[in-house]
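The values are calculated or read from the model by the stated rules, or taken from the named source; none is laboratory data. All of these numbers come straight from a predicted model, not from anything done at the bench. Glycine also receives a Cβ, built like all others from the backbone with ideal geometry; neighbour counts cover every protein chain displayed.
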Amino acid sequence: MARTAWMPQNQSMPEQALNEEILWQAVQTRDKAWDGRAVFGVVTTGVYCRLSCPCRTPLRRNVRFFRDPQEAGRAGLRPCLRCRPLASWGVDPDAARIEAVCAFIRANLEDTLTLATLAARAELSPYHFQRAFRAATGVTPRQYVEDCRIARLKEELRQQDSVTDAIYAAGFGSGSRVYERVDSHLGMTPASYRAGGGGVEISWASTACAMGWMMLGATDRGLCFVQFGATETALLDSLRAEFPDARLRPLAQPYPEPFGRWMSALQAHLDGSQPNPRLPLDIRATAFRIRVWTYLQSIPRGGTRSYSQVAAAIGQPAAVRAVASACAANPVALVIPCHRVIRGDGSLGGYRWGLDRKQALLRAESVSGR
Ligand SMILES: [Zn+2]
């Protein structure tokens with residue numbers, strides 16, 4: 001039964017007739033490069049797997065190859081619980097549930113959101129839910145709730161007449177420790193924040209990183225501003241926009257402590273060498289984006305990847321949507337070639353600078369890139 005193997009999703013590569021021998025070789029070497037591109041099924045067990053599945057290699061005569069999980073499913077096979085082949089296509093059922101729970105959290109911040117209620121919502125055990133949540137978002141459900149509440153609090157402080165109302169509206173409830181926690185998250189009291197940083201001095205410094213600029217602003221209470229952008233000027237504009245009435249003071253190196261320590265912790269975190277769960281959510285999101293952007297720079301001219309291939313390549317196969325939003329947030333077109341990321345079905349997906357431009361870029365590269 002000579003099945004012609006399909007060609008990889010890489011649309012602009014010249015057509016290559018790959019054969020089952022190559023796929024079988026990949027199974028034997030557990031080649032991760034095929035994750036998200038093909039699966040194999042074992043007729044004797046009724047299970048299908050990634051080519052890189054760590055389970056014992058089956059007998060060749062029992063193996064069938066499929067171009068995607070859907071095809072394997074139609075052949076009556078079910079996904080392997082160990083290598084979870086669906087995740088490499090970005091259709092991990094857990095990821096969809098987690099995304100629904102995140103939306104629920106953002107819409108219900110004023111409620112008491114316990115691990116048990118959130119897990120029940122996802123129809124997962126609390127243990128499984130906690131793990132799946134971390135895998136999909138990089139933070140625990142509790143950190144996610146708290147970070148969302150801080151973001152909401154910042155909005156409310158600009159709108160509500162009273163600080164207390166804003167704190168309640170953001171879901172922080174009552175309690176003497178609330179104010180302390182909120183202060184350390186904002187880098188100032190809610191009242192100062194509401195006053196645009198009036199009466200507060202913010203020391204700031206910025207540094208060039210691989211993908212642009214990073215700026216840190218801090219008061220004597222803690223960090224109040226961490227952002228990433230294309231230029232230092234743009235970042236300074238954002239700092240002024242968020243704290244129009246604060247005194248802004250540029251810091252020169254060597255930075256005073258603890259500012260210097262924050263700066264290096266942040267840099268280490270962005271490098272990926274030091275995961276730091278206490279950093280604010282937007283920073284962890286930025287670190288994730290930088291991982292995506294760094295990977296994008298490795299896609300050769302003339303090549304493309306699907307969003308799920310990128311997610312798999314950076315070791316977070318469930319984070320397909322986060323990959324798409326990292327592409328959308330790319331601050332530097334062309335240098336970070338996010339135009340080389342397309343949908344798994346070959347359609348273009350989105351592009352911040354316009355789909356026409358994306359198509360033109362890809363067309364030009366597929367001609368000249370060979
Ligand atoms: Zn498997």
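Report every pair of residues separated by at least 6 positions or lying on different chains whose Cβ atoms are under 6 Å apart, first residue within the stretch 53-76 and of a type in the set (A, V, I, L, M, F, W, C), second assigned to a helix (DSSP H, G or I) and within 14 Å of the ligand (Cβ to nearest atom).
Pairs found: 66/72.
If you go through the stretch 48-69, how many residues are touching a helix residue (DSSP H, G or I) at 6+ places or on another chain (Cβ under 9 Å) and surrounded by fewer than 17 Cβ atoms within 10 Å (Cβ to Cβ)?
2
Considering only residues that are of a type outside the set (S, T, N, Q) and more than 10 Å from residue 27 (Cα to Cα), look in the stretch 38-55 and name the one that is farthest from the ligand (Cβ to nearest atom).
So, considering only residues that are of a type outside the set (S, T, N, Q) and more than 10 Å from residue 27 (Cα to Cα), the one farthest from the ligand (Cβ to nearest atom) is 43.
For residue 182, indicate whether it is at pLDDT 80 or above and buried (at least 20 other Cβ atoms within 10 Å of the Cβ).
In short, no.
Let me confirm something: among 59, 81, 86, which residue is of a type outside the set (D, E, K, R) and in contact with an Asp or Glu (Cβ under 6 Å, 6 or more places away or on another chain)?
86 is the lone residue from the list that is of a type outside the set (D, E, K, R) and in contact with an Asp or Glu (Cβ under 6 Å, 6 or more places away or on another chain).
List pairs: first residue in the stretch 303-323 and within 17 Å of residue 39 (Cβ to Cβ), second residue part of a strand (DSSP E or B) anywhere in the structure, Cβ distance under 7 angstrom, at least six positions apart or on different chains.
Here the result reads 306/342, each pair linking the stretch 303-323 to a residue that is part of a strand (DSSP E or B).
Scan the stretch 55-91 for residues that are over 17 Å from residue 23 (Cβ atoms) and assigned to a loop (DSSP other than H, G, I, E, B) and report the count.
The total comes to 7.
Any chance you could count how many residues in the stretch 59-84 are near the ligand (Cβ under 10 Å from one of its atoms) and either within 18 Å of residue 28 (Cα to Cα) or among the charged types (D, E, K, R) (or both)?
4
Restricting the search to the stretch 336-363, which residues are loosely packed, with under 14 Cβ neighbours inside 10 Å and not in a helix (DSSP H, G or I)?
Within the stretch 336-363, 345, 346, 347, 353, 354 meet the criteria.
Kindly list, by first and then second residue, each pair from a residue in the stretch 345-356 that is modelled with pLDDT under 75 to a residue that is in a loop (DSSP other than H, G, I, E, B), limited to pairs with Cβ atoms under 9 Å and residues at least 6 apart or on different chains.
The qualifying pairs are 352/329; 352/330; 352/333; 353/333.
Out of (1) within 12 Å of the ligand (Cβ to nearest atom); (2) hydrophobic (A, V, I, L, M, F, W, C); (3) free of Cβ contacts under 8 Å to residues at least 60 places away in the same chain, the odd one out for residue 26 is which?
The failed condition is (1).
Hey, which of the strands (runs of 3 or more DSSP E) in the stretch 186-255, taking only ones fully inside, have at least 3 residues that are under 22 Å from residue 148 (Cβ atoms)?
Here the list reads 222-229.
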